[in-house]
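S.K.: Sharing a structure with you now.
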Ligand SMILES: [Zn+2]
């Protein structure tokens, strides 16, 4: 990989560049943005606001500037993917069109999937103690320092074809990680850009899909995620360039590994429930010992989300039942 003054920018295919952008924290690691040069200059994912100087230098290295960017495609509404979009649009003198799937609009335009009070209600049902519910406010403050909300100019939907750089890409809706996660597929070249739907170095998570008008999620993220994995398996791309980590050549193997890990996780949850009935938060603490010590707000959200989405599947399959007690939901094995 070509490295200049700490900038990592590599041509991964003719006129397609991978730019590695910094992201605080260990997981999921630096963000890969992809710059398609040529006819319609397109940036796929932007990194957070901290990525702006790195993008600036990478563009300069290629003899370009922010004003050359025609389109910004956001694979999904998480701050490491859209955080710098608004700042880039400003630097492009307002000419860059921002595109994403409509379902992630609340995340990209407002920074939140649902109003905070809705998330707090959900936390209460999950049995999360009060002090951590408050910590959510800090989490939002951190997010605000890393990302600006950004208006989306054009929606991208499943099956749509779009020109990026000199290539034709098909939009594939791959919900699961978020409601509006999309992958970009260059069919002729056999290259897939899945955002966070598929990662090589860690198992992606199907985050809980909260509702504005209902306390419990109606959609089962984990099941939607499985369907989206099936979709990718079916098209069987030659190479996958995820939004974090290294490219994947054998996507079938990676998908099989994910399925195995999800089954293992479900089995761990079932074995915890053999000992009694617990809230989502209690199961999360047993499953992820790392949240016991530090109890970082993001880690707590991720643990609650992961446990809950697995419980949704297990409950649908009839393996367990839930009951309401003292303001929280308790899960137990069905007899
Ligand atoms: Zn990400």
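What follows draws every value from the coordinates through simple rules; no lab data is involved. None of the values given here were measured: they were computed from a predicted structure. Don't worry about glycine lacking a Cβ; one is built from the backbone with ideal geometry, like all the others, and counts go over all protein chains shown.
S.K.: Report for region 35-160 the percent antiparallel among DSSP-assigned beta bridges with both residues inside it, nearest 5. Provide the component values of the computation, followed by the final result.
M.R.: Details: 2 of 10 bridges.
Rounded to the nearest five, the antiparallel share is 20 percent.
S.K.: Right, next: Give the whole-number value, in cubic angstrom per residue, of the convex hull volume spanned by the C-alpha atoms of region 279-335. Walk me through the numbers before you get to the answer.
M.R.: Details: hull volume 4.5 nm³, N = 57.
Dividing the Cα hull volume of region 279-335 by its residue count gives 79 Å³.
S.K.: For region 220-278, what is the relative contact order in percent, using Cα pairs closer than 8 Å and at least 6 residues apart in sequence?
M.R.: Working: 22 pairs, mean separation 12.3, N = 59.
21 percent.
S.K.: I want to verify the translational diffusion coefficient of region 10-97 in µm²/s; compute it with Stokes-Einstein, Rh as the Kirkwood radius over Cα pairs, at 20 °C and 1.002 mPa s. Don't jump to the answer; show the numbers that get you there.
M.R.: Values: Rh = 12.7 Å.
My calculation gives 168 µm²/s for D.
S.K.: Please report the spacing between the Cα centers of region 204-273 and region 3-62 in Å, no decimals.
M.R.: When both Cα centres are located, 26 Å separates them.
S.K.: Could you work out how far apart the two model spin labels at residue 124 and residue 26 are, taking each label as a point 7 Å from the Cα in the direction of the beta carbon, and quote it in nm?
M.R.: 3.5 nm
S.K.: In region 159-249, what is the volume of the convex hull around the alpha carbon atoms, normalised per residue and reported in Å³?
M.R.: Numbers: hull volume 9.7 nm³, N = 91.
Once divided by residue count, the hull of region 159-249 is 107 Å³.
S.K.: Give me the one-decimal nm value for the distance between modelled label points at residue 39 and residue 299, 7 Å along each residue's Cα-to-Cβ direction.
M.R.: 4.9 nm
S.K.: Just to confirm the number: angle between the C-alpha axis of helix 297-316 and the first principal axis of the chain, 0 to 90 degrees, nearest 10?
M.R.: Between the helix axis and the principal axis of the chain, the angle is about 70 degrees.
S.K.: Which peptide among 268-276, 224-232 comes first, and what is the full order, when sorted by highest mean count of other Cβ atoms within 10 Å?
M.R.: Numbers: 268-276: 14.2, 224-232: 18.7.
Sorting 268-276, 224-232 by mean packing, highest first, produces 224-232, 268-276.
S.K.: Under the rule a/c < 1.5 gives rounded, and otherwise a/b versus b/c splits prolate from oblate, where does region 240-321 land using the Cα gyration tensor? Display every interim value, and only then the final one.
M.R.: Working: a/c = 2.59, a/b = 1.41, b/c = 1.84.
In terms of gyration-tensor shape, oblate.
S.K.: Angle, helix 116-125 long axis vs. longest principal axis of the chain, Cα atoms, 0 to 90°, nearest 10?
M.R.: So the inclination is approximately 40 degrees.
S.K.: Same structure again: I'd like the projected area of region 118-200, averaged over all directions, using the convex hull of its alpha carbons. Report it in nm² with one decimal. Numbers along the way, then the final one.
M.R.: Values: hull surface 33.1 nm².
Result: 8.3 nm².
S.K.: Dividing the Cα convex hull volume of the chain by residue count, how many Å³ per residue is that? Before the final figure, lay out each step's value.
M.R.: Working: hull volume 43.1 nm³, N = 335.
Convex hull volume per residue, Cα atoms: 129 Å³.
S.K.: Describe numerically, in nm with one decimal, the distance between label points set 7 Å from Cα along Cα→Cβ at residue 268 and at residue 143.
M.R.: My value for the distance between the label points is 2.5 nm.
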